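Student: Take a look at the following structure, please.
The values are calculated or read from the model by the stated rules, or taken from the named source; none is laboratory data. Just so we're clear, the structure is a prediction, and the values are computed from it rather than from any experiment. Cβ coordinates were reconstructed from backbone atoms using ideal geometry, including for glycine residues, and neighbour counts include every protein chain displayed. Heavy atoms of the whole protein, side chains included, go into the accessibility calculation; ligands, DNA and RNA do not. Shrake-Rupley method; radii C 1.70, N 1.55, O 1.52, S 1.80 Å.
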Amino acid sequence: LPVSVSSIAASFHHITTTSITMIRKDTFIILINLLVGLSGISGFAPTLYLQPKATHAKYNIFSTSLNSENKDGTTSTSSTSLYQDMPKKKPWTFGILTSGFPPQQILVPVVKFVTFQVWRLMMNELVTHDEQGRFVRESFQAGNDPSPLQLPDDSNGHSRYKLYLGNPCPWCHRVKAAIAVLNLEGEIPVTMLIDDAEKASKGGWILPSPSTDDRKANIAEELITGDLAGVYNYCYRDILEEGEKYKGRCTAPLLVDTETGTIVTNESNEIMILLNDYSRRLPDHESVDLRPIGREAELDDATKHWFDLLWNGSYKCGFATSQLAYDEAAADVLKGLAEMNEVLASRPYLVGQDVTEVDLKSFAWVTRHDYAYTVIFKSPGGRIAQYPHISAWVKRLVNDYPKLLESVDMEDACGSYYRQLFMLNFGRVVPYIPNIHEWVAGL
């Protein structure tokens, strides 16, 4: 059949235009994929994966394998790509970044601004900051000026006191470490709290089921059931108006006199002093003296020094809401690590030849440094294993006082930071955390 020149030209134009359009489309899709992959927008790039519809191996750069035809007509597959096949099921997205509306130049700044404002609001609700974004640790001290703890009555042998401790909390850990080193297990009953902010009426601590000993001791129900907020409410029952609840923060550690139903103190330093004094006065009780008489001022100065640089310094890094605040805190942590390593090069313990309360306070900090503070708090300095004298001190401590290894569940303690501080870990992913035995062995 005769074919007109115009029809030939039209067909050629259609074929050419279609081919160019397909090439441009494939090239555009490839460029978009590369740009999205390089954009570094965490949380978006994995779900914005695009693949061209064309099956030509030349363009299919996301394939996990390239097919090539052998001489005998068979097809062989070689794994040459670093990419994976598209999942059959993947998270649903709006596809905003790929649609081009709204423009990325508007979208990204707006999302950054809104996210930052929400995050900063939550951080300010959680802890106190100054106008420069520095974390300010407030005192939430409750109770009276504590007098020496009374020894058990010979008639029943039961202690009138109860300690409330939480495994994740370093301030609780130092108290539990003191109990271990002073051989006071069983002398003062301890309730190990559970960190569960979703079940607690206030704060983050709930009480476990009452033990048999709690029931036998005839303790008020409010002191053995519910949550820590209920304990505070009960202990302040004579001060609060009817129906009123305690308005302060319900913190641990907490030392309560169960006979009077009142708070002795919730300050970890005071609790450690009381425990050490209690240990001294127990008849026929062998233990170390964590706070030797005549050295109180020296130990208090050391406590203040390491608190400012390290123990609180890591928290100041994690809770900073400005770059200035973080940089200042990070400098303190780096200075503290270097100084501690230097101090321990010339002495076995932080304040001389014998273990003191300062060592136990630092032990509670150092067990959380590698797998909590350096990650979620962005506390600098690297791993403790990089500091040979600090590492040797840790090993010396647990060798001289093996019960320290049982004073903390390191996996749970470090993991709690990722589970509970959701404003610092929106994804709620908990990284690998070794147990304390593995950690010490790696130092």
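Student: Quick check: anything in the stretch 296-306 of a type outside the set (Ser, Thr, Tyr), at pLDDT 95 or above and farther than 27 Å from Val343 by Cβ?
Tutor: no
Student: Residues to consider are Arg368, Arg383; find the one that is charged (D, E, K, R) and touching an Asp or Glu at 6+ places or on another chain (Cβ under 8 Å).
Tutor: When all the criteria are applied, what remains is Arg383.
Student: Further question on the same structure: For a quick check of your reading of the model, give me the residue pairs whose first member lies in the stretch 307-324 and is free of Cβ contacts under 8 Å to residues at least 60 places away in the same chain, whose second is among the hydrophobic types (A, V, I, L, M, F, W, C), with beta-carbon atoms closer than 8 Å and at least 6 apart or on different chains.
Tutor: What qualifies is Leu309/Val333; Leu310/Val333; Leu310/Leu337; Leu310/Met340; Leu310/Trp365.
Student: Are any residues in the stretch 295-320 of a type in the set (Gly, Ala, Ser) and either touching a strand residue (DSSP E or B) at 6+ places or on another chain (Cβ under 9 Å) or under 17 Å from Leu350 (Cα atoms) (or both), and if so, which ones?
Tutor: Ala297, Ala302, Gly318, Ala320
Student: Okay, moving on. Within the stretch 389-414, can you find the residues that are more than 21 Å from Leu344 (Cα to Cα) and either of a type in the set (S, T, N, Q) or free of Cβ contacts under 8 Å to residues at least 40 places away in the same chain (or both)?
Tutor: Once the filter is applied, which keeps residues that are more than 21 Å from Leu344 (Cα to Cα) and either of a type in the set (S, T, N, Q) or free of Cβ contacts under 8 Å to residues at least 40 places away in the same chain (or both), the stretch 389-414 yields Ser407, Glu411.
Student: Continuing with this model, one more query. Which of the following residues is more than 22 Å from Leu254 (Cβ to Cβ) and open to solvent by less than 20 Å² (accessible area, probe 1.4 Å): Gly100, Gly133, Gly166?
Tutor: Unique residue meeting the criteria: Gly133.
Student: Do we find that Gln104 is closer than 30 Å to Ala320 by Cβ and at pLDDT 70 or above in this structure?
Tutor: yes
Student: Just to be sure before I move on: is Val288 out of contact with any strand residue (DSSP E or B) (no Cβ under 8 Å at 6 or more places or on another chain) and in contact (Cβ under 8 Å) with a residue 60 or more places away in the chain in the structure I sent?
Tutor: Yes; evaluated as a whole, the condition is true for this residue.
Student: Could I ask something else about it? Here are Val136, Val175: which of them is touching a Ser or Thr at 6+ places or on another chain (Cβ under 8 Å) and in contact (Cβ under 8 Å) with a residue 60 or more places away in the chain?
Tutor: Sole residue among the options that is touching a Ser or Thr at 6+ places or on another chain (Cβ under 8 Å) and in contact (Cβ under 8 Å) with a residue 60 or more places away in the chain: Val175.
Student: Mind checking which pairs have a first residue in the stretch 92-107 that is at positive phi and a second that is modelled with pLDDT under 85 and open to solvent by 50 Å² or more (accessible area, probe 1.4 Å), Cβ under 9 Å, 6 or more apart or different chains?
Tutor: Note: no pairs meet the criteria.
Student: Taking Tyr326, is it of a type in the set (Ser, Thr, Tyr) and open to solvent by less than 10 Å² (accessible area, probe 1.4 Å)?
Tutor: In short, no.
Student: Then there is this: Do you know which residues across the stretch 276-333 are touching a Cys at 6+ places or on another chain (Cβ under 8 Å) and over 19 Å from Ile390 (Cβ atoms)?
Tutor: Listed by number, the residues that qualify are Tyr326, Ala329.
Student: Just the residues that are more than 27 Å from the chain's Cα centre (by Cα), of a type in the set (D, E, K, R) and more than 19 Å from Val264 (Cβ to Cβ), please, taken from the stretch 210-250.
Tutor: Hits for the stretch 210-250 are Asp213, Arg215, Lys216, Glu221, Glu241, Glu242, Glu244, Lys245.
Student: Among the residues of the stretch 192-207, write down those that are touching a residue at least 12 places away in the same chain (Cβ under 8 Å) and closer than 26 Å to Tyr373 by Cα.
Tutor: Scanning the stretch 192-207 gives Met192, Leu193, Ile194, Asp195, Ala197, Lys199, Ala200, Lys202, Gly203, Gly204, Trp205, Ile206.
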